[in-house]
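One structure below.
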């Protein structure tokens with residue numbers, strides 16, 4: 001028995017990567033598999049020698065990011081006690097439980113460069129193949145048009161929002177881009193990059209596409225500054241081709257047209273429109289929700305309304321102005337920052353900001369997986385309440401810490 005355990009301990013880096021691969025690949029496909037794989041990380045943490053376990057537990061005490069994750073979760077638990085809806089508060093705490101357990105496990109793990117490279121190779125193919133399969137199934141088996149792909153296959157059948165899916169699709173984009181910049185298998189990685197970018201355009205999420213465009217400009221500019229003109233021109237050509245192709249897709253055209261033709265910036269006009277009609281302009285919805293959230297936050301300071309009462313507090317504000325789309329859709333904050341201040345007041349809001357700042361302070365490597373995804377998450381939290389669902393919790397608790405140790409491993413082994 002001890003020989004088998006010793007053998008497993010010797011293979012724990014490989015086991016860790018396999019479990020992470022299952023978490024990432026099951027992310028858009030199966031809530032159950034994703035949840036099981038998520039908690040498999042706990043026994044893997046203890047599948048180690050006594051000396052290493054003791055060393056990791058001692059390191060945990062001084063690991064600032066891990067401590068802040070735990071503190072952030074505990075504040076949600078405190079919010080339970082002054083919530084009127086205890087049942088909903090408990091459900092929220094269960095969803096957020098990985099924030100307490102998983103980040104310390106991820107941050108204190110170490111993986112070899114060999115296993116990292118195998119994992120990246122697997123992910124760049126598996127994620128692309130998964131979405132090609134979903135598109136083929138949607139068009140040829142279910143016999144539906146591409147412009148219903150997000151609404152029917154992604155949201156209705158898989159039960160995932162395109163906001164969350166985007167993080168997974170960004171992985172093969174970054175992996176392919178890294179290989180292109182390193183002049184490795186240019187044709188293969190250009191094809192994978194174009195397919196992955198095409199999937200992002202098909203999802204049609206404006207926040208994701210704006211960030212993708214900004215990142216494209218940043219990478220091209222940095223290539224020119226580093227005097228790598230060939231890479232810069234290559235990225236410019238790929239980007240222009242992808243952009244031209246994307247502009248031909250009906251879903252993107254429809255969303256851009258809705259945004260351009262129906263957007264107002266006057267708050268009174270937005271309130272009036274949404275009082276009498278169930279509008280489809282999600283940008284205006286977010287502006288109005290933010291306004292109502294701030295009103296509720298100012299009333300509930302300094303402690304917030306409680307972990308279980310933030311949605312009911314928002315619903316009351318929706319009823320006051322008869323916000324039809326929000327009432328029918330039971331819309332949440334759509335802003336993670338305001339959500340934390342509303343739930344647990346100044347303590348929860350500041351802890352969340354402090355945690356993000358701490359994560360940014362850990363950007364010290366030459367790789368770009370971790371800073372890219374962390375920046376996207378921080379930016380997107382302005383427009384989405386990611387931690388309301390397990391998918392968002394997995395991004396924050398698993399994907400971001402994992403990409404940190406992945407970058408660290410690649411950087412340490414490149415010296």
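FRET efficiency for the residue 52 to residue 243 pair, using the beta carbon distance and R₀ = 35 Å, is estimated at 0.10.
Of interest is the spacing of the C-alpha centroids, which for segment 184-224 and segment 142-165 amounts to 21 Å.
Taking the number of Cβ atoms within 10 Å of each Cβ as an exposure proxy, the fewest-first ranking of 339, 215, 385 is 215, 385, 339. Relative contact order for the chain: 21 percent, from Cα pairs under 8 Å spaced at least 6 residues apart, divided by residue count.
Shape verdict for the chain, please, from the Cα gyration tensor: rounded (a/c under 1.5), prolate (a/b greater than b/c) or oblate.
Because a/c hits 1.5 or more and a/b fails to exceed b/c, the chain counts as oblate.
Considering only alpha-carbon pairs that sit under 8 angstrom and 6 or more positions apart, the relative contact order computed for segment 308-415 is 27 percent.
Find the relative contact order for segment 83-174 and round it to a whole percent, using C-alpha pairs within less than 8 Å whose residues are 6+ positions apart.
Values: 28 pairs, mean separation 23.5, N = 92.
This gives 26 percent for segment 83-174.
Between residue 136 and residue 278, the modelled label-to-label distance comes to 3.7 nm, taking each label 7 Å out from Cα in the direction of the beta carbon. Given their separation in residues at 0.36 nm each and the Cα-Cα distance between them, residue 221 and residue 254 gain 8.8 nm when the chain is fully extended. The label-point distance for residue 353 and residue 412, in a model that sets each label 7 Å from Cα toward Cβ, rounds to 3.4 nm.
Please work out whether segment 245-370 counts as rounded, prolate or oblate from its C-alpha gyration tensor, where a ≥ b ≥ c are the square roots of the eigenvalues and a/c under 1.5 means rounded, while otherwise a/b larger than b/c means prolate and anything else oblate? List each step's numbers first, then the result.
On the way: a/c = 2.69, a/b = 1.11, b/c = 2.42.
The shape class here is oblate.
The separation of segment 273-311 from segment 86-129, counted between C-alpha centres, amounts to 31 Å.
Go through 136-146, 66-76 and give me the packing order, highest mean Cβ count within 10 Å leading.
Values: 136-146: 12.3, 66-76: 19.5.
The packing order, highest mean first, is 66-76, 136-146.
Potential lengthening of the chain between residue 262 and residue 194 amounts to 21.4 nm, from the contour at 0.36 nm per residue minus the alpha-carbon distance.
Bear in mind that the values in this text are calculations on the coordinates, not laboratory data. From a predicted model like this one, the values you see are computed outputs, not experimental measurements. Glycine also receives a Cβ, built like all others from the backbone with ideal geometry; neighbour counts cover every protein chain displayed.
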